[in-house]
Amino acid sequence: MNELAEARAFASILLDLGLSSASYIEHKLSTLASGTSPATRWAKRLVVLNLKPVDFGFGMFGMASRMNPNAGEQLQGVKTTVLECRDRYLLPAIRALKNVETVSLMGREGLDVEVTRALAELPRLQSLSLEFSLKKEDTVSLEAFSNLRILMLHSLNPGRKIPKSIRRMIARCPALDMIGISLGDDADEDYIPNLDTIFKASMRSPSFVPSLTWLRVARNAFTLSATSVPYLGSLQHLDIENSTGRIHTSFWKALTEKGVRIQSFAVYPLDVAAVQYLASYEGLTELHIRGNRRMEAQDCPEHLFAVLPQHQRSLRKLTLVNLDSHKWSITEQYLKYVLECQRLESLCLVYDDPDVMLPLVQEKLSPNMSVLLTRITESLLNLKELRVCPVRFEPNAFGYEMGDMRMQQLFDQEIGISPITCSRTPAFQLYSSPDRAFLSPPPLDFDPSSRCFRSRMAGFWF
């Protein structure tokens, strides 16, 4: 194998310490530890899964032990083999990967202190992603890491000890460019610290210069207020998910006063203070409002749409998805504001699609589909992707809005009889559903003869 092919083949390495890897993990780890594996020369990315093998009570191992009286003993032997292999070879294997720049660790239990130290010693490490289920009483020793540029912490439970460890680590990483933090399922809702608790040590340094350009805070991991803003002076991307009541008005006012102009904005729920911040400057390139289909008292779509023209010369992506149809569905007035953003390349809209079979049909809020597609085709000449997502209000016991395959089928049929009446042929791809990681259907096909979009999934629905 020549050097170019070898570099590509071993650019990324996966170490899965789960029980299913028992047949080969010893050879893999021992080869790495000895320094004879090509990965020690070429690997830039390291992924470690199942740092602590899971219990036998679940999955196929648990099923096997219940079906075969001897299986439990056999599987215990497998677990012992994996653990012995890990204890003997894992640390030297990690230390041998001296060119690794990106590390991802994922598992069901807490971090191993020795493994953490070994990773922190990697001389070229720049990006760290950790995903572990931590309990309230758990501690995390992260201060060994330094000079990181990217930090992603998933499924954390920020008890009173964990933010301190994060703060010490961030203080040792003065050039951090990206930070993402989200909570786990067992998070303590009674203790949600302010975001500035992890920035304090850095901001006290006489040589402190804001370097962070990308920030994501999910599932109420932190409260945001004005005290965090001095660290965010260079921020360009802000993503805050499910943060009801956790963003103080002072946060948006401080961003405005400091002149921070975020280019990519993804915040939900949205309130008037946030929209006023968006109205304080020009230059927004991406705006994503991703809801959870629950009604939010502070939702203010009328204010948000009115702000769009202010960013019409820069806005490239606009996403509205999983939002309350009564408030967020595209209307004639809202469409007028959207069409002023003529440089849009990607657009996702909520489309009110009432059930015509119900005895009391609510008034349809969105314009006729043919009118909507025609006006978008005429006005948004740079558009490459359009998603029109049907939403129907059907409150259940949880207050959600529901959608199903039958609704999607009817919606595709409606699109199929909605011709584009202008002379211009649409240059964009049309989708009739949100972008999902695994279940996103293909785009609809444009038929020049009927001037309608047709679903490729027509046969699938039946």
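The values are calculated or read from the model by the stated rules, or taken from the named source; none is laboratory data. In this text the structure is predicted, and so the values were computed from the model without any measurement. Cβ: placed from backbone, ideal geometry, glycine included. Neighbour counts: every protein chain shown. Side chains included, ligands, DNA and RNA excluded: accessible areas come from the protein's heavy atoms. Shrake-Rupley method; radii C 1.70, N 1.55, O 1.52, S 1.80 Å.
Inspection of region 264-279 finds a residue satisfying the criterion of being in a loop (DSSP other than H, G, I, E, B) and in contact with a helix residue (DSSP H, G or I) (Cβ under 6 Å, 6 or more places away or on another chain).
Return yes or no: is Trp252 within 21 Å of the chain's Cα centre (by Cα), modelled with pLDDT of 95 or more and among the aromatic types (Phe, Trp, Tyr)? No.
Pairs meeting the criteria (first residue in region 316-343 and closer than 16 Å to Arg387 by Cα, second residue assigned to a helix (DSSP H, G or I) and of a type in the set (Gly, Ala, Ser), beta carbons under 7 Å, at least 6 apart or on different chains) are Leu339/Ser379. Note on region 280-306: residues that are at pLDDT 90 or above and assigned to a loop (DSSP other than H, G, I, E, B) amount to 6. On inspection, Arg216 passes the criterion of being assigned to a strand (DSSP E or B) and either of a type outside the set (S, T, N, Q) or out of contact with any Pro (no Cβ under 9 Å at 6 or more places or on another chain) (or both). Can you confirm whether region 260-268 contains a residue that is among the β-branched types (Val, Ile, Thr), open to solvent by 10 Å² or more (accessible area, probe 1.4 Å) and within 26 Å of Ser155 (Cβ to Cβ)? No, region 260-268 contains no residue that is among the β-branched types (Val, Ile, Thr), open to solvent by 10 Å² or more (accessible area, probe 1.4 Å) and within 26 Å of Ser155 (Cβ to Cβ).
All but one of (1) open to solvent by 40 Å² or more (accessible area, probe 1.4 Å); (2) touching a strand residue (DSSP E or B) at 6+ places or on another chain (Cβ under 6 Å); (3) at pLDDT below 95 hold for Pro174, so report the exception by its number. Just one mismatch for Pro174, condition (2).
From the list Asp239, Asp196, the lone residue that is outside any loop (DSSP other than H, G, I, E, B), at pLDDT 85 or above and in contact with a helix residue (DSSP H, G or I) (Cβ under 6 Å, 6 or more places away or on another chain) is Asp196. Tell me which residues, restricted to region 56-101, are at pLDDT below 65, surrounded by 19 or more Cβ atoms within 10 Å (Cβ to Cβ) and not in a helix (DSSP H, G or I). The one that is at pLDDT below 65, surrounded by 19 or more Cβ atoms within 10 Å (Cβ to Cβ) and not in a helix (DSSP H, G or I): Phe56. Screening region 338-395 for residues that are under 21 Å from Phe453 (Cα atoms), among the charged types (D, E, K, R) and modelled with pLDDT of 80 or more and picking the one that is most open to solvent (accessible area, probe 1.4 Å) gives Lys384. The set of residues in region 225-255 that are of a type in the set (S, T, N, Q) and within 24 Å of Pro174 (Cα to Cα) comprises Ser225, Thr227, Ser228, Ser234, Gln236. The residues of region 102-119 that are modelled with pLDDT of 90 or more and farther than 17 Å from Val47 by Cβ amount to a single one, Arg117. Hey, among the residues in region 135-165 that are outside any loop (DSSP other than H, G, I, E, B) and more than 18 Å from Thr213 (Cα to Cα), which one's modelled with the lowest pLDDT? Applying the filter and picking the extreme gives Leu156.
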